[in-house]
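Heads up: the structure comes next, in structure tokens.
Please treat every number below as a calculation from the coordinates, not as lab data. Please read all numbers here as calculations on a predicted model, not as lab measurements. Heads up, the Cβs are rebuilt from the backbone with ideal geometry, glycines too, and the neighbour counts pull from every protein chain shown.
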Amino acid sequence: MAVKIILTRTVPEDKVGAFLKLLVRLRTATMGQPGYIAGETLRRVDQPGEWVVISKWQRRYQWDQWALDPRRQAIQQEIEELLGSPTEIAVYEYE
């Protein structure tokens, strides 16, 4: 069953440029992963600093494997060090 992964981050305005560079690295690495379908990045209009990344995967286990991949974890670590706060991750299944 396909899943959507929703990652929410708070990004200070003075760190948006660096954040976007890391996001491009992460998205580039993600695109080659088995089961990855698509992704999008959204910036909330009424809540400055809130960013959401939504990715779609063919199967939950494929996302789980990518979430544990050392390449992904390294970039994720850079993002969290830059932002100074953890990423909220939620997994949703299609019904």
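Quick notes on this structure:
- Of all the criteria given as (1) surrounded by 12 or more Cβ atoms within 10 Å (Cβ to Cβ); (2) under 18 Å from A18 (Cβ atoms); (3) out of contact with any Asp or Glu (no Cβ under 7 Å at 6 or more places or on another chain), the one not satisfied by Q62 is (2).
- Residue match in the range 39-48 (condition: closer than 17 Å to E88 by Cα, surrounded by 17 or more Cβ atoms within 10 Å (Cβ to Cβ) and in contact with a strand residue (DSSP E or B) (Cβ under 9 Å, 6 or more places away or on another chain)): yes
- Residues that are of a type in the set (S, T, N, Q) and not in a helix (DSSP H, G or I) within the range 1-42 comprise T8, T10, Q33, T41, listed in sequence order.
- Qualifying residue in the range 70-85 (condition: in contact (Cβ under 8 Å) with a residue 40 or more places away in the chain and of a type in the set (K, R)): yes
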